[in-house]
């Protein structure tokens, strides 16, 4: 049982995601959202993740071939998207701290509902939660599942992983409400540095794989 592809997929995705690190990366993004908006964002994230992983499991390889997109291209695109979100945080120019400082004491900052949608796919879902490597893991696991029952178990693993991501984001909402202004500023800078480093890694890996694939083709 310990070597079943479904369990291995869940453990691989869980390790790649790293809930503790992911929670810290969500904090600067959700700081301006109230509790209801964070809940909607968490539910939306879980839905996006399960759809993303299920697509990779069931139609991953033929879909990429049909669209002419490689996993390397997805990885590089995720690096670019993450860099746009991370660099302002690293430089202290994200703007969320000023909004938090101006909010009346004891009140949660208010944000227009469309703001939740504006961050749900990018950067919260892609690339902070899932990306090219996630897709590649799911496609590889699918190749190890020859029958329908194994595919169904992989789908259950995808549901469990999606639940983990939603719970992690919702937990981040509770954490950020207990952080002081100075702590928030420090976490913004730290998260920005870490996320920028991740973006550089994604870009380097993605472009390297693109070049290698071109040379080997």
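Read the figures in this text as sums done on the coordinates, not as results from a lab. Just so we're clear, the structure is a prediction, and the values are computed from it rather than from any experiment. All Cβ positions, glycine included, derive from the backbone under ideal geometry; neighbour counts span all protein chains shown.
Extension gain for residue 177-residue 189 works out to 2.6 nm (0.36 nm per residue, less the C-alpha to C-alpha distance). Spin-label model, residue 21/residue 115: points 7 Å from Cα along the beta carbon direction are separated by 2.9 nm.
Taken along the Cα-to-beta-carbon direction at a fixed 7 Å, the label points for residue 144 and residue 215 span 2.9 nm. Between residue 34 and residue 163, the distance separating the two model label sites (each 7 Å from Cα on the Cα→Cβ line) works out to 3.0 nm.
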